[in-house]
Amino acid sequence: MKVLEMNSSPLNSTALRCDGCGQLASPEHIARRLQRLEWTTRFRPVHIGTLLLGATAPQNDNEFIYSPAGAWYGEAKMLLDAAGLTLEGKSAEATLAEFQRRGFLLTHVLECPLEGGKGGRIAELIANRLPAVLTRIRRSLKPKRLAPISKWLEQFLPALTYRELPCAILLDHEKPFALDGDAAPEVTGRLRDAVAAQGVHTTGA
């Protein structure tokens, strides 16, 4: 798997650019990306029922659903709630295995957290990465359905809904399920309802 591209800028001919997010990448950045890819791959379903598409990976591992440490909060906790999973009395591995068995996979357009000072460039970075992400969805992931889960993806919905994606698109009143918005608890409930309406088992287990 290609991870790096050399930056051809004459100002810095040795800089590395991460092909998972388009940002200039330190060795620590690349190591973290590879670690999260390893965590995710372990719980990727053979047949993906619902692909949850975020804008940018969370900064903290405890907000990243595939973190083996558990103790989830933020995005990770909301996605587990939307999948109808209860955490009490279960290990992180058992919880993630159930998430996998129900056919869920999380990915982000930007597979790495934003580096310091890059928040203002998020739309530009997403626009640059989205064609490759759509190709991956069509050729490799091939989910039955896709649910965008970030407010940052709203302006990119035409690309998600009108290109030849091999899946249905789940939307929240014609918008993404904005788990990163101000009404996240209510949106989480609507995401759970939307997934359940597709026949996906979301009863607590």
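On a 1.4 Å probe surface of the protein chains, which of 111, 124, 164, 38 comes out largest in accessible area, and what is the full order?
Details: 111 40, 124 95, 164 160, 38 120 Å².
My answer, sorted largest first, is 164, 38, 124, 111.
For the chain, give the percent of accessible area contributed by carbon and sulfur heavy atoms, probe 1.4 Å, rounded to a whole number. Numbers along the way, then the final one.
Details: 5330 of 10220 Å².
It is 52 percent, rounded to a whole number.
Let me have the relative contact order for the chain, percent, based on Cα pairs under 8 Å that are six or more residues apart. Please list the in-between numbers first.
Working: 308 pairs, mean separation 47.7, N = 205.
Relative contact order of the chain: 23 percent.
For the chain, which cysteines have no disulfide-compatible partner, meaning no other cysteine Cβ under 4.7 Å?
Cysteines lacking a close Cβ partner in the chain: 18, 167.
In deg cm²/dmol and to the nearest 500, what is the mean residue ellipticity at 222 nm of the chain if only DSSP H runs of at least 4 residues count, each as -39500 (n - 2.57), divided by the residue total?
On the way: 6 runs with 70 residues, N = 205.
For the chain, the value works out to -10500 deg cm²/dmol.
Before I look further, what does the stretch 49-199 give for accessible area per residue, probe 1.4 Å, in whole square angstrom? Please report the intermediate quantities before stating the final value.
Values: 6800 Å² over 151 residues.
With all protein chains present, the stretch 49-199 gives 45 Å² per residue.
To check you understand DSSP bridge types, tell me what percent of the beta bridges within the chain (both residues inside) are antiparallel, rounded to 5.
Numbers: 5 of 17 bridges.
Antiparallel: roughly 30 percent of the beta bridges in the chain.
The values are calculated or read from the model by the stated rules, or taken from the named source; none is laboratory data. Note that the coordinates shown come from a computational prediction; the quantities given were computed from them, not determined experimentally. Methodologically, a virtual Cβ is constructed for each residue, glycine included, from the backbone with ideal geometry; neighbour enumeration extends over all protein chains shown. Each accessible area value is taken on the protein alone, full model and side chains, heavy atoms only, with ligands, DNA and RNA left out. Shrake-Rupley method; radii C 1.70, N 1.55, O 1.52, S 1.80 Å.
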